[in-house]
1. Compare 123, 213, 184 in a GNM of the chain, Cα atoms joined below 10 Å, and give the one with the largest fluctuation.
2. Provide the packing ranking of 214-220, 128-134, i.e. peptides ordered by the mean count of other C-beta atoms within 10 Å per residue, highest first.
3. If you take every residue apart from residue 319 with its C-beta less than 13 Å away from the C-beta of residue 319, what net charge results, scoring Lys and Arg +1 and Asp and Glu -1?
4. For segment 63-122 and segment 172-231, write down the distance between their C-alpha centroids in whole Å.
5. Cα convex hull of the chain: how many Å³ per residue?
6. Relative contact order, percent, of segment 215-349 when contacts are C-alpha pairs under 8 Å separated by at least 6 residues?
7. Top mean-square fluctuation among 96, 232, 152, Gaussian network model of the chain, C-alpha springs under 10 Å?
8. Considering only 58, 140, 320, give the residue with the highest GNM mean-square fluctuation for the chain, with springs between Cα atoms whenever their separation is below 10 Å.
Amino acid sequence: MRFGRRHWAASAAACAVLLAFGWWYLRGGGDGFLAVATAPQAVPSRSDTATGKLAEEMFWRTLHEGRYEDIPATIEVLTKAFKEHPYDPAIARRLGFLHGWKLVERNRMQTITSTIADEAVLSQYYYDAAYRLDPTDDRMIGLKAVLRMLNGQLNDDQKAIREGYFMGHEANRRFPQFNYFAISVPLATLPYTDPRFKEAVEMQWQLLDSCDSWTDLKLNLSREEYAKRFPGPKRVCWDNWIAPHNIKGTLLHMGDILVKDGDWKKGVEIYQRIKAIQDYENWPLKDFLEERIRDAQANVENFRVDYTKRLTEHVTRPAMLIDTGYVCVSCHQEKGSVPALPNFPAPLAAGASKQRDTGGS
(Lines give C-alpha, C1' and ligand atoms only; values in the text may rest on other atoms or scores of the structure.)
Protein backbone atom coordinates (compact mmCIF):
# COMPACT_ATOMS: atom_id res chain seq x y z
CA MET A 1 0.00 0.00 0.00
CA ARG A 2 1.42 3.37 -0.94
CA PHE A 3 0.95 6.37 1.32
CA GLY A 4 0.18 9.75 -0.09
CA ARG A 5 1.27 13.04 1.34
CA ARG A 6 -1.86 13.29 3.52
CA HIS A 7 -1.31 9.84 5.02
CA TRP A 8 2.28 10.69 5.92
CA ALA A 9 1.11 13.95 7.52
CA ALA A 10 -1.51 12.12 9.58
CA SER A 11 1.03 9.50 10.67
CA ALA A 12 3.50 12.20 11.65
CA ALA A 13 0.81 14.00 13.69
CA ALA A 14 -0.12 10.75 15.47
CA CYS A 15 3.51 10.11 16.30
CA ALA A 16 3.88 13.63 17.65
CA VAL A 17 0.87 13.12 19.92
CA LEU A 18 2.26 9.80 21.20
CA LEU A 19 5.66 11.36 21.84
CA ALA A 20 4.08 14.26 23.68
CA PHE A 21 2.02 11.86 25.80
CA GLY A 22 5.13 9.80 26.55
CA TRP A 23 7.10 12.88 27.56
CA TRP A 24 4.24 14.07 29.80
CA TYR A 25 3.94 10.64 31.42
CA LEU A 26 7.68 10.32 32.05
CA ARG A 27 7.78 13.80 33.58
CA GLY A 28 5.26 12.68 36.23
CA GLY A 29 1.94 13.72 34.70
CA GLY A 30 0.95 10.16 33.85
CA ASP A 31 1.30 8.55 37.24
CA GLY A 32 -0.49 11.51 38.85
CA PHE A 33 -3.36 11.18 36.40
CA LEU A 34 -3.62 7.43 36.97
CA ALA A 35 -3.41 7.85 40.74
CA VAL A 36 -6.31 10.30 40.74
CA ALA A 37 -8.36 8.32 38.19
CA THR A 38 -8.07 5.09 40.17
CA ALA A 39 -8.73 6.59 43.62
CA PRO A 40 -11.55 4.75 45.44
CA GLN A 41 -14.88 6.57 45.31
CA ALA A 42 -16.78 7.44 48.47
CA VAL A 43 -19.83 5.22 48.91
CA PRO A 44 -22.78 7.30 50.13
CA SER A 45 -24.58 5.98 53.18
CA ARG A 46 -26.82 7.35 55.86
CA SER A 47 -25.28 8.21 59.20
CA ASP A 48 -26.71 6.16 62.05
CA THR A 49 -24.54 7.63 64.79
CA ALA A 50 -26.03 9.32 67.82
CA THR A 51 -24.56 12.63 66.63
CA GLY A 52 -26.12 12.13 63.19
CA LYS A 53 -29.56 11.52 64.68
CA LEU A 54 -29.24 14.57 66.94
CA ALA A 55 -28.09 16.67 63.97
CA GLU A 56 -31.15 15.70 61.93
CA GLU A 57 -33.50 16.49 64.80
CA MET A 58 -31.86 19.87 65.44
CA PHE A 59 -31.88 20.79 61.76
CA TRP A 60 -35.61 20.30 61.27
CA ARG A 61 -36.49 22.03 64.54
CA THR A 62 -34.30 25.03 63.71
CA LEU A 63 -35.68 25.24 60.16
CA HIS A 64 -39.39 24.75 60.79
CA GLU A 65 -39.42 27.03 63.82
CA GLY A 66 -37.46 29.71 61.94
CA ARG A 67 -34.83 29.81 64.69
CA TYR A 68 -32.14 31.79 62.92
CA GLU A 69 -30.39 32.39 66.24
CA ASP A 70 -29.87 28.62 66.59
CA ILE A 71 -28.03 28.23 63.28
CA PRO A 72 -24.49 28.30 64.79
CA ALA A 73 -25.30 25.58 67.35
CA THR A 74 -27.01 23.48 64.68
CA ILE A 75 -24.05 23.89 62.32
CA GLU A 76 -21.75 22.78 65.13
CA VAL A 77 -23.61 19.49 65.63
CA LEU A 78 -24.04 18.84 61.89
CA THR A 79 -20.35 19.52 61.24
CA LYS A 80 -19.40 17.08 63.97
CA ALA A 81 -21.74 14.50 62.44
CA PHE A 82 -20.22 15.03 58.99
CA LYS A 83 -16.68 14.62 60.34
CA GLU A 84 -17.72 11.35 61.96
CA HIS A 85 -19.46 10.11 58.81
CA PRO A 86 -18.51 12.10 55.67
CA TYR A 87 -20.54 9.82 53.39
CA ASP A 88 -24.04 11.09 54.11
CA PRO A 89 -25.25 13.49 51.36
CA ALA A 90 -28.18 14.59 53.52
CA ILE A 91 -25.85 15.97 56.20
CA ALA A 92 -23.78 17.73 53.53
CA ARG A 93 -26.76 19.41 51.86
CA ARG A 94 -28.17 20.49 55.24
CA LEU A 95 -24.87 22.12 56.09
CA GLY A 96 -24.93 23.82 52.68
CA PHE A 97 -28.41 25.12 53.43
CA LEU A 98 -27.57 26.37 56.93
CA HIS A 99 -24.52 28.31 55.83
CA GLY A 100 -26.56 29.82 52.99
CA TRP A 101 -29.42 30.67 55.36
CA LYS A 102 -27.04 32.41 57.73
CA LEU A 103 -25.82 34.57 54.83
CA VAL A 104 -29.08 35.53 53.16
CA GLU A 105 -30.93 36.39 56.39
CA ARG A 106 -27.95 38.30 57.81
CA ASN A 107 -30.15 41.37 58.36
CA ARG A 108 -31.46 39.66 61.50
CA MET A 109 -28.06 40.20 63.15
CA GLN A 110 -27.59 43.22 65.39
CA THR A 111 -24.11 43.58 63.89
CA ILE A 112 -23.23 41.98 60.56
CA THR A 113 -19.60 40.90 60.67
CA SER A 114 -17.15 41.18 57.78
CA THR A 115 -16.79 37.39 57.74
CA ILE A 116 -20.41 36.90 56.64
CA ALA A 117 -19.33 36.36 53.00
CA ASP A 118 -17.42 33.25 54.14
CA GLU A 119 -20.80 31.56 54.58
CA ALA A 120 -21.16 31.51 50.78
CA VAL A 121 -17.82 29.69 50.45
CA LEU A 122 -18.83 27.11 53.06
CA SER A 123 -22.26 26.66 51.54
CA GLN A 124 -20.71 25.97 48.14
CA TYR A 125 -18.27 23.49 49.68
CA TYR A 126 -21.03 21.42 51.26
CA TYR A 127 -23.33 21.50 48.23
CA ASP A 128 -20.38 20.31 46.14
CA ALA A 129 -19.87 17.49 48.63
CA ALA A 130 -23.56 16.56 48.57
CA TYR A 131 -23.56 16.38 44.77
CA ARG A 132 -20.34 14.36 44.73
CA LEU A 133 -21.92 11.85 47.10
CA ASP A 134 -25.24 11.76 45.26
CA PRO A 135 -25.02 13.01 41.64
CA THR A 136 -28.59 11.81 41.02
CA ASP A 137 -29.96 14.68 43.16
CA ASP A 138 -30.62 17.32 40.51
CA ARG A 139 -31.45 19.92 43.14
CA MET A 140 -27.79 19.99 44.06
CA ILE A 141 -26.56 20.97 40.61
CA GLY A 142 -28.92 23.94 40.81
CA LEU A 143 -27.68 24.95 44.25
CA LYS A 144 -24.07 24.45 43.17
CA ALA A 145 -24.77 26.83 40.29
CA VAL A 146 -26.34 29.41 42.61
CA LEU A 147 -23.33 29.42 44.92
CA ARG A 148 -20.89 29.62 41.99
CA MET A 149 -22.66 32.71 40.73
CA LEU A 150 -22.99 34.24 44.18
CA ASN A 151 -19.33 33.74 45.08
CA GLY A 152 -18.38 35.06 41.66
CA GLN A 153 -20.46 38.20 42.24
CA LEU A 154 -18.95 38.75 45.68
CA ASN A 155 -15.37 38.36 44.41
CA ASP A 156 -15.64 39.86 40.91
CA ASP A 157 -14.74 36.45 39.50
CA GLN A 158 -16.19 36.41 35.99
CA LYS A 159 -15.12 32.82 35.36
CA ALA A 160 -17.07 31.60 38.40
CA ILE A 161 -20.10 33.67 37.40
CA ARG A 162 -20.13 32.21 33.89
CA GLU A 163 -19.48 28.70 35.14
CA GLY A 164 -22.43 28.97 37.54
CA TYR A 165 -24.65 30.60 34.94
CA PHE A 166 -24.26 27.84 32.37
CA MET A 167 -24.42 25.17 35.08
CA GLY A 168 -27.73 26.78 36.00
CA HIS A 169 -29.08 26.28 32.49
CA GLU A 170 -28.20 22.59 32.75
CA ALA A 171 -29.89 22.44 36.16
CA ASN A 172 -33.06 23.97 34.70
CA ARG A 173 -33.16 21.29 32.02
CA ARG A 174 -32.73 18.51 34.59
CA PHE A 175 -35.24 19.60 37.23
CA PRO A 176 -37.15 22.72 36.15
CA GLN A 177 -39.73 22.54 38.95
CA PHE A 178 -37.01 23.17 41.54
CA ASN A 179 -34.19 24.89 39.72
CA TYR A 180 -36.08 27.68 37.95
CA PHE A 181 -36.68 29.12 41.42
CA ALA A 182 -33.14 28.50 42.69
CA ILE A 183 -31.34 29.91 39.62
CA SER A 184 -33.54 33.00 39.56
CA VAL A 185 -32.30 34.06 43.01
CA PRO A 186 -28.79 35.30 42.08
CA LEU A 187 -30.02 36.59 38.70
CA ALA A 188 -32.70 38.64 40.46
CA THR A 189 -30.02 40.62 42.32
CA LEU A 190 -28.67 42.01 39.03
CA PRO A 191 -29.64 45.49 37.76
CA TYR A 192 -33.13 45.44 36.25
CA THR A 193 -31.64 46.53 32.91
CA ASP A 194 -29.34 43.48 32.73
CA PRO A 195 -30.52 40.85 30.19
CA ARG A 196 -29.83 38.14 32.77
CA PHE A 197 -32.26 39.86 35.16
CA LYS A 198 -34.85 39.58 32.39
CA GLU A 199 -34.10 35.85 32.39
CA ALA A 200 -34.98 35.78 36.12
CA VAL A 201 -38.33 37.35 35.24
CA GLU A 202 -38.96 34.76 32.52
CA MET A 203 -37.95 31.94 34.85
CA GLN A 204 -40.89 32.80 37.12
CA TRP A 205 -43.35 32.08 34.32
CA GLN A 206 -41.42 28.99 33.22
CA LEU A 207 -41.54 27.72 36.79
CA LEU A 208 -45.30 28.13 37.00
CA ASP A 209 -45.72 26.42 33.63
CA SER A 210 -43.43 23.49 34.49
CA CYS A 211 -45.33 23.01 37.72
CA ASP A 212 -48.76 23.62 36.16
CA SER A 213 -49.22 26.02 39.06
CA TRP A 214 -52.32 27.71 37.63
CA THR A 215 -54.15 24.39 37.88
CA ASP A 216 -52.71 23.77 41.35
CA LEU A 217 -53.90 27.18 42.54
CA LYS A 218 -57.42 26.30 41.42
CA LEU A 219 -57.28 22.89 43.09
CA ASN A 220 -55.85 24.49 46.24
CA LEU A 221 -55.18 21.20 47.98
CA SER A 222 -53.78 20.78 51.44
CA ARG A 223 -50.12 19.81 51.42
CA GLU A 224 -51.04 16.29 52.54
CA GLU A 225 -53.58 15.88 49.72
CA TYR A 226 -51.11 17.27 47.22
CA ALA A 227 -48.35 14.89 48.35
CA LYS A 228 -50.64 11.91 47.73
CA ARG A 229 -51.62 13.07 44.25
CA PHE A 230 -48.17 14.23 43.08
CA PRO A 231 -45.42 12.12 44.71
CA GLY A 232 -42.87 12.65 41.90
CA PRO A 233 -40.79 15.69 40.86
CA LYS A 234 -43.86 17.91 41.02
CA ARG A 235 -43.90 17.47 44.80
CA VAL A 236 -41.67 20.57 45.07
CA CYS A 237 -44.31 22.76 43.40
CA TRP A 238 -46.67 23.12 46.36
CA ASP A 239 -46.53 23.39 50.12
CA ASN A 240 -44.88 20.26 51.51
CA TRP A 241 -43.41 18.85 54.70
CA ILE A 242 -39.94 20.27 54.01
CA ALA A 243 -41.29 23.71 53.07
CA PRO A 244 -44.73 24.11 54.72
CA HIS A 245 -45.36 27.40 52.85
CA ASN A 246 -43.43 26.68 49.68
CA ILE A 247 -45.90 28.04 47.11
CA LYS A 248 -46.53 31.15 49.20
CA GLY A 249 -42.83 32.00 49.42
CA THR A 250 -42.39 31.21 45.72
CA LEU A 251 -45.15 33.63 44.71
CA LEU A 252 -43.81 36.28 47.09
CA HIS A 253 -40.39 36.02 45.40
CA MET A 254 -42.05 36.19 41.99
CA GLY A 255 -44.07 39.25 42.91
CA ASP A 256 -40.92 41.02 44.09
CA ILE A 257 -39.13 40.29 40.80
CA LEU A 258 -42.06 41.63 38.78
CA VAL A 259 -42.14 44.78 40.90
CA LYS A 260 -38.41 45.34 40.41
CA ASP A 261 -38.94 44.88 36.67
CA GLY A 262 -41.46 47.73 36.81
CA ASP A 263 -44.60 45.61 36.36
CA TRP A 264 -45.88 46.37 39.85
CA LYS A 265 -49.56 45.83 38.99
CA LYS A 266 -48.83 42.27 37.86
CA GLY A 267 -46.73 41.88 41.00
CA VAL A 268 -49.75 42.81 43.11
CA GLU A 269 -51.87 40.24 41.24
CA ILE A 270 -49.34 37.56 42.17
CA TYR A 271 -49.17 38.77 45.80
CA GLN A 272 -52.97 38.65 46.07
CA ARG A 273 -53.11 35.01 44.96
CA ILE A 274 -51.19 34.00 48.08
CA LYS A 275 -54.09 34.91 50.37
CA ALA A 276 -56.37 32.18 49.01
CA ILE A 277 -53.88 29.33 49.52
CA GLN A 278 -54.66 26.77 52.22
CA ASP A 279 -52.98 27.31 55.61
CA TYR A 280 -52.45 31.00 54.84
CA GLU A 281 -53.53 31.87 58.38
CA ASN A 282 -50.40 30.14 59.74
CA TRP A 283 -47.97 31.83 57.33
CA PRO A 284 -45.57 34.02 59.35
CA LEU A 285 -45.38 36.69 56.61
CA LYS A 286 -49.04 37.70 56.33
CA ASP A 287 -48.41 41.27 57.57
CA PHE A 288 -45.28 41.52 55.43
CA LEU A 289 -47.40 40.62 52.39
CA GLU A 290 -49.93 43.35 53.17
CA GLU A 291 -47.10 45.90 53.17
CA ARG A 292 -45.92 44.54 49.82
CA ILE A 293 -49.37 45.00 48.29
CA ARG A 294 -49.80 48.48 49.74
CA ASP A 295 -46.36 49.78 48.71
CA ALA A 296 -45.85 47.94 45.42
CA GLN A 297 -45.59 51.03 43.22
CA ALA A 298 -43.10 52.75 45.54
CA ASN A 299 -41.10 49.55 45.81
CA VAL A 300 -40.18 49.62 42.11
CA GLU A 301 -37.32 51.97 43.01
CA ASN A 302 -36.70 50.47 46.45
CA PHE A 303 -36.12 47.03 44.95
CA ARG A 304 -33.59 48.36 42.45
CA VAL A 305 -31.07 49.22 45.18
CA ASP A 306 -28.05 46.88 44.86
CA TYR A 307 -26.96 45.23 48.12
CA THR A 308 -24.63 42.64 46.58
CA LYS A 309 -21.42 44.39 47.64
CA ARG A 310 -22.87 45.80 50.88
CA LEU A 311 -23.22 42.61 52.88
CA THR A 312 -22.27 44.18 56.22
CA GLU A 313 -24.86 46.97 55.95
CA HIS A 314 -28.38 46.58 57.28
CA VAL A 315 -31.12 47.38 54.79
CA THR A 316 -32.92 50.54 55.86
CA ARG A 317 -35.70 50.65 53.28
CA PRO A 318 -38.05 48.05 51.77
CA ALA A 319 -36.00 45.54 49.81
CA MET A 320 -36.56 42.43 47.73
CA LEU A 321 -37.24 39.28 49.71
CA ILE A 322 -33.71 38.00 49.00
CA ASP A 323 -32.26 41.15 50.60
CA THR A 324 -34.38 41.04 53.77
CA GLY A 325 -34.16 38.65 56.70
CA TYR A 326 -37.06 36.47 55.58
CA VAL A 327 -36.14 34.68 52.37
CA CYS A 328 -35.74 31.18 53.85
CA VAL A 329 -38.45 31.42 56.48
CA SER A 330 -40.96 32.57 53.82
CA CYS A 331 -41.16 28.92 52.73
CA HIS A 332 -39.78 26.89 55.64
CA GLN A 333 -41.07 28.39 58.91
CA GLU A 334 -44.25 26.55 59.74
CA LYS A 335 -46.04 29.09 61.95
CA GLY A 336 -45.53 31.88 64.43
CA SER A 337 -44.14 35.34 63.80
CA VAL A 338 -40.90 36.67 62.36
CA PRO A 339 -38.64 39.08 64.25
CA ALA A 340 -38.46 42.74 63.33
CA LEU A 341 -35.18 43.57 61.62
CA PRO A 342 -32.59 45.60 63.57
CA ASN A 343 -32.23 49.18 62.32
CA PHE A 344 -35.22 48.77 60.02
CA PRO A 345 -37.75 51.58 60.28
CA ALA A 346 -41.51 51.19 59.98
CA PRO A 347 -43.47 50.19 57.99
CA LEU A 348 -41.56 46.98 57.18
CA ALA A 349 -41.20 46.05 60.83
CA ALA A 350 -44.78 47.04 61.65
CA GLY A 351 -46.24 43.57 61.39
CA ALA A 352 -43.25 41.74 62.78
CA SER A 353 -42.64 40.54 66.29
CA LYS A 354 -40.89 43.00 68.62
CA GLN A 355 -38.39 40.24 69.38
CA ARG A 356 -34.74 41.00 68.64
CA ASP A 357 -32.03 38.41 68.19
CA THR A 358 -28.28 38.46 67.74
CA GLY A 359 -28.22 36.10 64.80
CA GLY A 360 -25.78 33.96 66.74
CA SER A 361 -22.85 36.20 65.88
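1. 213
2. By packing density, highest mean first, the sequence is 128-134, 214-220.
3. -2
4. Going from one Cα centre to the other spans 25 Å.
5. With only Cα atoms used, the chain gives 197 Å³ per residue.
6. Relative contact order, segment 215-349: 28 percent.
7. The residue that fluctuates most here is 232.
8. Maximum fluctuation in the GNM of the chain, among the listed residues, is at 58.
The values are calculated or read from the model by the stated rules, or taken from the named source; none is laboratory data. Every value quoted in this text rests on a predicted model; they were computed, and no experiment measured them. Cβ atoms come from the backbone with ideal geometry, glycine included; neighbour counts cover every protein chain shown. Note: areas computed on protein heavy atoms with side chains; ligands, DNA, RNA excluded. Shrake-Rupley method; radii C 1.70, N 1.55, O 1.52, S 1.80 Å.
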